[in-house]
């Protein structure tokens, strides 16, 4: 799998223009709240993922507290405020005393990338052709516009338009521009993105099912045994309303619902699933430490480092935890992953910077009880 | 000594001098007092040993919003197993591992002592410090602070004391490690002065036992003065 060896993100969420000059096999991001750690993982997911339309809509909904609102066709203002379908929140906006300013496009690329991902925020004329098919024609400068004006998001890859996201994709219809299949670009990878709060039950069950063949399930169980050595097996049974319930077989205790076993075990289950389904791809873990004891974090980074090499996975994680940083540093050494990178995202007014922290210095600072987060 | 060098003070000051041990720290402070007749403006910090110096530097490069404007390092060019030829080179490699990402180290270590600013273009909260490095004794030879002090003795004093110490070593009276020869010579010389029981280099410096110290340490003092502006308060 070609690694993402650097990253340049412009116009995306909190990032006006962010450069991460060097990335490695394992990458960890620290930083205060609201410095864009989760946004960074989303950007990587969009960049490396296989289906831009659904990935973009997914990213839009992931942090939105409300369900996706309808994206209205006519007018982009509602009672004087801009109509904000959450997909528009993917675009970076600078506050300028409440005035609507021009929205810059989203650009996500490696440095010197032949395949940049580029998403524009553009008004289109919606016209019906003679067969009654709706066509979106971009409104160009100088164009005299008519009634059916609508915002849409053309998506470009390697300079070619590969998709047009319009309100017709909502809710959750993934329609490809001009009815063509989205061509896979060279760098497309499997992306396994574990959010801070974990996967939902349905996703967890379906990931577990995908591992039914081969050693994947046993590997996930091995990771869970880092937390509780008595775990023997895991099965899903049918619950009410077509739900499924994960049952753990625990030595000496029989079968116990996973959700009654504590946050740490559930988190480990999700990390194990995410890793096992990320083979030859990218693993994104938001708030790595959630629910995990410090000793487990160290052991887990070791296991991740080993798995990253064995299964050719590039890892990106975020954390607020000192123990996570320390586990990351020692696992990089232990597993001889010399290109591991640790960045601190810093915010100065509306600008976010990525500060490269050399692991040798971080190790010394932690040893001296100093702060790096 | 009057200079506070608690960890707290070291974190608070924007000019910091990191040294390998208390003896070196007190001696440098005394040297500045003797020559400039004033208290140094930097805060000295005893890092216990050479790794301690490098680790304290590391800490200051990765902590959020770095506060120090100037960090000076005094290291002995005496890494175990190094020779006259590679002593400076090996220290340079250690330094490069720690600061290479943000600072451009010169190919040859400057004999007048190193002073470098971070590479421009790093965007972050707070700025990285100016870093100064002196490799004892003179940025080119294997050795330590005592080698510099030896140079401040008159030829007769230096040669006489050295021959006695060497004789003691030959006659198996002395057990010190051969790499500590200059330490043994300086301490022997100190034991022959009045009073003979001065425990620290800094006391002997204050007493004026090292007659030519200003000349012998001129390049070193010049480096300190170029690094810390002003040098005294």
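Read the figures in this text as sums done on the coordinates, not as results from a lab. Quick caveat, the model's predicted, so the values are computed rather than measured. Because the Cβ atoms are built from the backbone with ideal geometry, glycine has one as well, and the counts that use them run over all protein chains shown.
Of note:
- Computed over all pairs of different Cα atoms, the Kirkwood value for the hydrodynamic radius of the stretch B:103-233 is 17.1 Å.
- Highest average first, the peptides A:331-339, A:272-280 ordered by how many other beta carbon atoms sit within 10 Å of their residues are A:272-280, A:331-339.
- Here is how the number arises for the protein assembly as shown: DSSP H runs of 4 or more residues each give -39500 (n - 2.57), the sum is divided by the residue count, and the result at 222 nm is -10000 deg cm²/dmol.
- Scattering profile of the stretch B:103-158 at q = 0.18 Å⁻¹ [log10 I(q)/I(0), Debye over alpha-carbon scatterers]: -0.72
- Per residue, the convex hull volume that the Cα atoms of the stretch B:146-206 enclose (Å³): 86
- Highest mobility in the GNM of chain B, judged by mean-square fluctuation with C-alpha springs under 10 Å and restricted to B:41, B:168, B:87, is found for B:168.
- The Kirkwood radius of the stretch A:291-373, taken over pairs of alpha-carbon atoms, gives through the Stokes-Einstein law at 10 °C and 1.306 mPa s a diffusion coefficient of 117 µm² s⁻¹.
- With both residues required to sit in the protein assembly as shown, DSSP beta bridges show an antiparallel share near 60%.
- For the stretch B:188-233, the spread of Cα positions along each principal axis, largest first, Å: 37, 20, 13
- Choice from B:98, B:90, B:123 with maximal GNM fluctuation in chain B (Cα, 10 Å cutoff): B:123
- Derived value for chain B: Kirkwood hydrodynamic radius 18.5 Å. Basis is the mean of 1/r over every pair of different alpha-carbon atoms.
- Geometric descriptor of the stretch B:34-146, per residue, is 120 Å³ (volume of the convex hull of the Cα atoms).
- Annotation: the protein assembly as shown has a Kirkwood hydrodynamic radius of 28.6 angstrom, from the mean reciprocal C-alpha pair distance.
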